[in-house]
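Below is one structure, written out as structure tokens, with a few remarks after it.
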Amino acid sequence: MRFMSPHLSQPEIDGYSAPYRSLPIATKASVFRFGHIVPVTPRFALHGLRQTRMWKLLEGLCGPRHFDNLSQQARLAKRGEEVRQSWRACLGKDDPDVAVVFGEQDPLLKLYKDILVDCIHPAHIVEWAPQGIWLSGGGHYPMEEKAADISLLIEKLASQ
């Protein structure tokens, strides 16, 4: 949280994690635990190495709980691929239009907006923002940081 929105106060960060506070750490439901399972491990490790006999042997000898974060990353990476395939497909005329909006001050790589736009079939993307939109003054959470601007974009999207 501190990396994604360094301007947030500690009470605001506590508020984001409040719904998860009473859950056991093993549920991996909190914002802080999510940071440990975001798929940053290379795909060959998540999909290829995990299927080898050596990996299975190590997992068996060391215990699966020592590989928990990696297993979660693999599940997230697989789910991410499924979502990308769905958005790459040109579904039908009644499917929703999409506007990709990124905050200019988002600490993630600037390339992520282009990656997201490229993952979506052009038939789904709104004509008025074919390459997405950079929201001036927005960070990683533009709905909270620039709520009025986002509301106008939602209104524009809904009025089509």
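The values are calculated or read from the model by the stated rules, or taken from the named source; none is laboratory data. It should be emphasised that the depicted structure is a prediction, and the values quoted were computed from it without experimental measurement. Using ideal geometry, Cβ is built from the backbone for each residue, glycine included, and neighbour counts are taken over all protein chains shown.
Couple of notes before you dig in:
- Inter-residue pairs, beta-carbon under 8 Å, first in contact (Cβ under 8 Å) with a residue 40 or more places away in the chain and in region 137-149, second outside any loop (DSSP other than H, G, I, E, B) and of a type in the set (A, V, I, L, M), 6+ apart: PRO142/VAL101; PRO142/LEU135; PRO142/ILE150; LYS146/LEU135
- Selection count, region 144-160, where residues are under 23 Å from GLU12 (Cβ atoms) and of a type in the set (Lys, Arg): 1
- Any hit, region 81-90, residues being of a type in the set (Phe, Trp, Tyr) and farther than 29 Å from ALA147 by Cα: no
- Residue satisfying condition, being acidic (Asp, Glu), at pLDDT 85 or above and in contact with a Gly (Cβ under 7 Å, 6 or more places away or on another chain), within set GLU104, GLU127: GLU104
- Selection status of PRO96, more than 30 Å from PHE44 (Cα to Cα), modelled with pLDDT under 85 and not in a helix (DSSP H, G or I): yes
- From the options ASP14, ASP68, residue that is modelled with pLDDT of 70 or more, more than 14 Å from the chain's Cα centre (by Cα), of a type in the set (Asp, Glu) and closer than 30 Å to GLU145 by Cβ: ASP14
- Within region 39-58, being of a type in the set (Ser, Thr, Tyr) and exposed (fewer than 14 other Cβ atoms within 10 Å of the Cβ) holds for one residue alone: THR52.
- Single condition LEU23 does not satisfy, out of (1) modelled with pLDDT under 80; (2) within 19 Å of the chain's Cα centre (by Cα): (2)
- Among residues of region 106-160, those that are buried (at least 17 other Cβ atoms within 10 Å of the Cβ), in contact with a His (Cβ under 8 Å, 6 or more places away or on another chain) and not small (Gly, Ala, Ser), counted: 1
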